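**Q** A single structure is presented below for examination.
A short reminder: the numbers here are calculations on the coordinates, not readings from a lab. Note that this is a predicted model, so its numbers are computed, not measured. Cβ coordinates were reconstructed from backbone atoms using ideal geometry, including for glycine residues, and neighbour counts include every protein chain displayed.
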């Protein structure tokens with residue numbers, strides 16, 4: 001039986017929540033059990049939420065829709081909350097139902113721990129934004145992770161250049177719509193590579209491509225793990241021409257969700 005036929009047989013038995021979990025994993029690539037629970041499983045207590053999440057994810061894994069990685073975030077004590085999940089080829093096939101042509105997807109999820117940690121950090125930013133917007137403080141209009149957030153433009157020599165942010169977000173806060181590129185920094189790259197990435201953003205800004213398509217150029221938020229790294233990034237930004245420094249801001253990753261939904265100060269729309 002083909003994967004597409006298996007997907008057709010499974011689909012009628014999947015709930016809206018099941019499909020939302022599959023879609024979240026397609027969008028984010030990897031997420032922990034705890035992150036998926038916070039997004040899609042409601043319960044009166046954390047213990048009940050963890051139990052219900054575990055049951056849902058075990059069922060979807062047993063059906064072959066999810067892949068559970070051997071590595072666990074937080075060690076054995078983290079329990080099922082720390083398990084890392086990705087979408088299987090069959091899971092992709094379920095989401096592809098209704099499309100004229102089936103897409104091909106890799107059956108195995110790859111990536112070393114640093115890559116996985118980075119993907120999960122991007123997912124955590126997304127989860128925290130969803131949690132903040134549930135309170136009514138803002139509306140999350142869009143969140144795109146890699147590669148959907150990438151931007152293509154023509155460089156100075158007319159060659160195709162691809163800018164690769166880690167994420168793109170749009171939120172509505174009061175009368176403001178805020179858009180931002182996200183760079184989730186894990187303090188693993190040296191300043192030479194950071195400078196090259198800053199130059200890529202500056203080149204994209206100078207191309208005018210984003211402004212022509214959307215009427216605004218998003219500020220790039222560098223989300224960093226600790227204050228010392230923030231200071232190092234700030235020193236790097238200070239080396240840029242004054243007109244380009246305003247394209248970037250540095251923020252602790254732990255503060256990012258709250259900062260991104262702040263009402264801009266007068267004259268400081270982002």
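**Q** Mind ranking 148-158, 243-253 by how tightly packed they are, going by the mean number of other C-beta atoms within 10 angstrom, highest first?
**A** Going by the mean number of other Cβ atoms within 10 Å, highest first, we get 243-253, 148-158.
**Q** Which ordering of 16, 117, 199 is given by a fewest-first count of other beta-carbon atoms within 10 Å?
**A** By the 10 Å Cβ count, ascending, the order reads 16, 199, 117.
**Q** With a Förster radius of 35 Å, plug the Cβ-Cβ distance of residue 255 and residue 20 into 1/(1 + (r/R0)^6) and report the FRET value to the nearest 0.05.
**A** 0.80
**Q** Something else about it: Starting from the Cα gyration tensor of segment 172-228, take the square roots of the eigenvalues, sort them a ≥ b ≥ c, and report rounded, prolate or oblate (rounded when a/c is under 1.5, otherwise prolate if a/b is larger than b/c, else oblate).
**A** Oblate shape, in that a/c is at least 1.5 and b/c is the bigger or equal ratio.
**Q** When DSSP beta bridges are limited to those with both residues in segment 117-260, what percentage is antiparallel, rounded to the nearest 5?
**A** Values: 17 of 27 bridges.
Here the antiparallel bridges make up roughly 65 percent for segment 117-260.
**Q** Neighbour counts of other C-beta atoms within 10 Å: give me 28, 191 arranged from fewest to most. Please report the intermediate quantities before stating the final value.
**A** Values: 28 25, 191 13.
With the fewest neighbours first, 28, 191 line up as 191, 28.
**Q** Here is a further query. How much FRET efficiency would the formula 1/(1 + (r/R0)^6) give for residue 231 and residue 211, where r is the Cβ-Cβ distance and R0 is 35 Å, rounded to 0.05?
**A** E between residue 231 and residue 211, to the nearest 0.05, is 0.70.
**Q** How far, in degrees from 0 to 90, does helix 191-207 lean away from the longest principal axis of the Cα atoms of the chain, to the nearest 10?
**A** 80 degrees
**Q** Roughly how many whole Å is it from the C-alpha centroid of segment 8-47 to that of segment 186-203?
**A** Each part's Cα centre sits 34 Å from the other's.
**Q** On to the next question. Tell me, 41, 224 in order of fewest to most beta-carbon neighbours within 10 Å? Can you show the working numbers first?
**A** Details: 41 20, 224 24.
Result, fewest neighbours first: 41, 224.
**Q** What is segment 117-260 by shape, rounded, prolate or oblate, if you read a ≥ b ≥ c off the alpha carbon gyration tensor as root eigenvalues and call it rounded for a/c under 1.5, prolate for a/b larger than b/c, and oblate otherwise?
**A** oblate
**Q** Starting with the highest mean, order 170-182, 121-133, 81-93, 43-55 by the number of other Cβ atoms within 10 Å, averaged over the residues of each peptide.
**A** In descending order of packing, they fall as 81-93, 121-133, 170-182, 43-55.
**Q** Also, I was wondering about something else. Ignoring everything except DSSP H segments at least 4 long, calculate the 222 nm mean residue ellipticity for the chain; use -39,500 (n - 2.57) per segment, divide by total residues, nearest 500.
**A** Only helices count here, giving -13000 deg cm²/dmol.
**Q** Just the number, please: percent antiparallel of the DSSP beta bridges in the chain, rounded to the nearest 5.
**A** Roughly 70 percent of the beta bridges in the chain run antiparallel, per DSSP.
**Q** By how many nm would the segment from residue 177 to residue 141 grow when fully extended, if each residue of separation counts as 0.36 nm and the alpha-carbon distance is taken off?
**A** 12.1 nm
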